[in-house]
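The values are calculated or read from the model by the stated rules, or taken from the named source; none is laboratory data. In this text, all values refer to a predicted model and were calculated from it rather than measured experimentally. For neighbour counting, all protein chains shown are included, and Cβ atoms are generated from backbone atoms with ideal geometry for every residue, glycine included. Side chains are part of the model used for accessible areas, which takes the heavy atoms of the whole protein and leaves out ligands, DNA and RNA. Shrake-Rupley method; radii C 1.70, N 1.55, O 1.52, S 1.80 Å.
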Amino acid sequence: MGAGQVVARIFSYDPAEGREPRYETYEIPRAREMRVLDALIYVVDQLGASLAFRWFCGVRRCGACGVQVNGRPVLACWEPAAEQMVIEPLPNLPIVRDLVVDHSGYDRVVDRLFPYLDRRDPYQSFPEPLTHGAMRIPHDLMQCVQCLICVAACPSWRIDGEGFQGPAALVQAGRFALDPRDALDRSSALARGLYDCCSCYACNDACPMGIDVLGHAVEPLRAACIKRGLGEEARHSHAFLDLIREAGVVTAPSLLLKTRRAGALARAGEGLKLARKGKFSLASPISTAEEIRKVQERMEER
Amino acid sequence: MRFAYYPGCVGKSSAAEVDHATRRLAARLGIELVELDQASCCGATQGWVTDPSLTLALNARTLAQAEGLGLDVLTICNTCYLSFTRTISRLSHPGELARVNHALGAIGLQYQGRARVRPLPAVLLEDVGAADLRRQTRRPLEGLRIAPFYGCHLLRPAPALGADDGRSPHWLEDLFVALGAEAVDHPAKTQCCGFHILMTNEPLGARIAARVLQSARAAGAACVGTPCTQCYVTLDAFQKAAERESRTRFRLPILHVAEVAGIALGLSGRDLRLSSHMVSPRSLGLV
Ligand code: SF4
Ligand code: SF4
Ligand code: FES
């Protein structure tokens, strides 16, 4: 490989052909400021390869060009080309052909979350009396280009769209649900899956728009569902906080006892073995319930 | 070297052996640990969504206790680390700080913003130093193929150590290599272990854990090494569940950083309570 070259191994697959997926290797002359997208375009335009990939804007606006490069989901138009690249379709999503993935599972999830502003109060005036503070979070979420890179990075997302809605759909839901003008209660639609997020921050890390997906969408939406006590998980969350208030510390057995899920301990026959190894020891409570109560009272004062 | 030691709820119950190993390791290295024995739970991920203001205030209380000792906080759990750094950053806003200190006033404490939070690997690499660790090694882990597993919260949302952006960290490798082991690269090393949903959706959490175990096993690792008590519990105590969900047999011993360092520095298996592991590390032939 010459110094001025990029070597790309690109995933190639057409489900209609019924052959196994394979990788094709291409050598591409390196250009200044070359992006992954430039390399893909070269492969088709100059090398005459048959390769399906999506792009439209070329400037991180349309969200069409998501691919996985060397194991990391990125926007092809916003990622510098590396000297050696393995380029694959975004993981976690069904493959249409080559680098093109099917977004329709995501679309269906979003549809069920009422992705529009449902206002009770009519416009008062133009411009609307909105403050920066009140719009801070929805404004961050409005930057979303629906590229599904966060979905590709999310360990909890399942392709079938059942259960967990996935980070991108929660960003769309939050964009409206957290808008001060919105009056629609989406929490029962949300509570069905949103507790499956494992708080790993992979979405934040992957998002090309730098959106605080976990802090600005998943957590506030989850907080609203917990507040309304929706789902068994809400009971779990309240039990967790009750334990902190009562004992200062939280352990697995005390939590399971409190959520009346002690049966879960014994399930699968591992409970006893775990208990023998001391895995279910109750940490001794700290003697500070009184202190915690005083702190809480003062926090609630204003 | 002295630290205000915060074992965390997992370190106090399901991973009590890691807490124990940390104390033995510290003693071996001449590090004095003053336990914050009146500290409360850090709130993990639940606290910040269920009662954020109480979580903020209680963490400020813990940090104020450390400040009272004039010490930085030492953690052995990634999420405890995150929860404290989250607290510190929220309290950089004067309004929040005033509100929290008003509450802490009720119990005679004030948060000053002095205490720093240090995860164990940072103390080992930055304070003790790789060279010193290497010198103190009594039982070099030669030939031990260990898969580093970082977990999430020492990398994301902000890297706790190392100069990179948290995407291609190598400090865990550096640590294991300093202790004489061979660090085995594998694709899932910076992914999530699944801990935070194990209590509410065990099958999903176990499937996420299985991906990590699969990744380490496919790379030919003999064991996994992690800086976090939660990752340790998930990958060890829930390994059976992960095997069931993925219909794969792993039998991979999981070691916390405190245990890896403890073994290399010559502590015995009994000292480290390795018999408390669900997947016995004895097969590694180290202790
Ligand atoms: S933080 Fe939650 S939504 Fe984001 S990637 Fe992790 S599991 Fe998915
Ligand atoms: S949140 Fe970020 S990564 Fe996810 S779809 Fe929107 S822009 Fe893409
Ligand atoms: S081509 Fe539009 S975002 Fe990349």
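Who wins for biggest fluctuation among A:Gly133, A:Gly229, A:Gly66 in a Gaussian network model of chain A, springs between alpha carbons below 10 Å?
Comparing A:Gly133, A:Gly229, A:Gly66 in a Gaussian network model of chain A, the most mobile one is A:Gly133.
Just to confirm the number: angle between the C-alpha axis of helix A:289-301 and the first principal axis of chain A, 0 to 90 degrees, nearest 10?
Between helix and principal axis, roughly 70 degrees.
Let me make sure I get this right: for the protein assembly as shown, a, b and c are the square roots of the gyration tensor eigenvalues over alpha carbons, sorted descending. Under 1.5 in a/c it's rounded, otherwise prolate if a/b > b/c, else oblate. Which is it?
Here the protein assembly as shown falls in the oblate category.
Compute the distance from the alpha-carbon center of the range A:107-177 to that of the range B:219-279, in whole Å.
Spelled out, the Cα-based centre of one part sits 40 Å from the other.
Could you please state how large a percent of the accessible area of the range B:146-211 is carbon and sulfur, counting protein chains only and using a 1.4 Å probe?
Carbon-and-sulfur percentage of accessible area, whole number: 53.
Go ahead and set up a Gaussian network model of chain B, Cα springs under 10 Å, then flag whichever of B:Cys42, B:Cys80, B:Cys228 fluctuates most.
Sorting by GNM fluctuation, first place goes to B:Cys42.
With a 1.4 Å probe and all protein chains kept in place, how much accessible area does B:Asp132 have, in Å² rounded to the nearest 10?
Here the accessible area works out near 50 Å².
Taking the alpha carbon gyration tensor of chain B, what are the square roots of 5 times its eigenvalues, largest first, to the nearest whole Å? It would help to have the intermediate numbers written out before the result.
On the way: eigenvalues 194, 97, 52 Å².
Listed largest to smallest, the semi-axes of chain B are 31, 22, 16 Å.
Using alpha carbons only, how many degrees (0 to 90, rounded to 10) separate the axis of helix A:36-45 from the longest principal axis of chain A?
30 degrees
Add -39500 (n - 2.57) for each DSSP H run of 4 or more in chain B, then divide by its residues: what number comes out at 222 nm, to the nearest 500 deg cm²/dmol?
-13000 deg cm²/dmol
Summarise the accessible area of the range A:1-144 (1.4 Å probe, protein heavy atoms) by the percent that is carbon and sulfur.
So the carbon and sulfur contribution to the accessible surface is 51 percent.
Assuming a ≥ b ≥ c are the square roots of the Cα gyration tensor eigenvalues, decide whether the range B:139-280 counts as rounded (a/c under 1.5), prolate (otherwise, with a/b larger than b/c) or oblate. Present the calculation step by step, with values, prior to reporting the outcome.
On the way: a/c = 1.62, a/b = 1.17, b/c = 1.38.
Oblate, since a/c reaches 1.5 and b/c is not below a/b.
How many lysine pairs does the protein assembly as shown hold where the Cα atoms are under 17 Å apart and the two sit 8 or more places apart or on different chains?
Eligible lysine pairs with Cα atoms under 17 Å apart amount to 5.
Before rounding to the nearest 500, sum -39500 (n - 2.57) across all DSSP H runs of length at least 4 in chain A and divide by the residue total; then give [θ] at 222 nm in deg cm²/dmol. If you can, show how the numbers build up before the last one.
Values: 13 runs with 110 residues, N = 302.
Roughly -10000 deg cm²/dmol at 222 nm, from the helical runs in chain A.
Take each of the peptides A:30-39, B:231-240, B:48-57, average the number of other beta-carbon atoms within 10 Å over its residues, and list them starting from the highest.
Listed from highest to lowest mean packing, they are B:231-240, B:48-57, A:30-39.
Just reorder B:Val177, A:Val74 by solvent-accessible area, largest first, 1.4 Å probe, all chains present.
Descending order: B:Val177, A:Val74.
Determine the per residue accessible area of the protein assembly as shown with all protein chains present and a 1.4 angstrom probe, expressed in square angstrom.
Ligands and nucleic acids excluded, the figure is 41 Å² per residue.
So if we plug the beta-carbon distance of B:Arg282 and A:Ala16 into 1/(1 + (r/R0)^6) with R0 = 60 Å, what FRET efficiency do we get, rounded to 0.05? Write down the numbers at each step before the final one.
On the way: r = 53 Å, r/R0 = 0.88.
It comes to 0.70.
How many percent of the accessible area of the range B:2-118 is carbon or sulfur, using a 1.4 Å probe?
Carbon with sulfur: 49 percent of the solvent-accessible area.
Run the dipole for the protein assembly as shown about the Cα centre, Lys and Arg Cβ at +1, Asp and Glu Cβ at -1, nothing else charged, and hand back the magnitude in debye, nearest 20. Present the calculation step by step, with values, prior to reporting the outcome.
Working: 69 positive and 63 negative charges, 308 e Å.
Using Cβ point charges on Lys, Arg, Asp and Glu, the protein assembly as shown gives about 1480 debye.
Please report the accessible area of A:Asp121 (heavy atoms, 1.4 Å probe, ligands and nucleic acids excluded) in Å², nearest 10.
Answer for A:Asp121: close to 100 Å² accessible.
Enter the accessible area of A:Asp182 (Å², nearest 10), with the probe set to 1.4 Å and all protein chains included.
Taking all protein chains as shown, A:Asp182 has close to 20 Å².
Once the Cα atoms of helix B:52-69 and of chain B are each reduced to a long axis, what angle between those two axes, in degrees from 0 to 90 to the nearest 10, is obtained?
90 degrees
Other chains' Cβ within 10 Å of B:187-199 residues: what's the mean? Could you put the intermediate results ahead of the total?
On the way: counts 1, 1, 0, 3, 4, 8, 3, 4, 3, 7, 10, 2, 10.
Whole-number average of other-chain Cβ neighbours for B:187-199 is 4.
Please give me the summed charge of the neighbours of A:Phe114: other residues whose Cβ is under 15 Å from its Cβ, Lys and Arg +1, Asp and Glu -1.
+2
Ranked from the most accessible area to the least, with a 1.4 Å probe and all protein chains present, what is the order of A:Ser254, B:Ser280, B:Ser275?
Highest to lowest solvent-accessible surface, that is B:Ser275, B:Ser280, A:Ser254.
Can you give the accessible area buried between chains A and B, summed over both chains, with a 1.4 Å probe, in Å² to the nearest 100? Display every interim value, and only then the final one.
Working: alone 17190 and 12170 Å², together 24120 Å².
Interface area, both chains combined: 5200 Å², rounded to the nearest 100.
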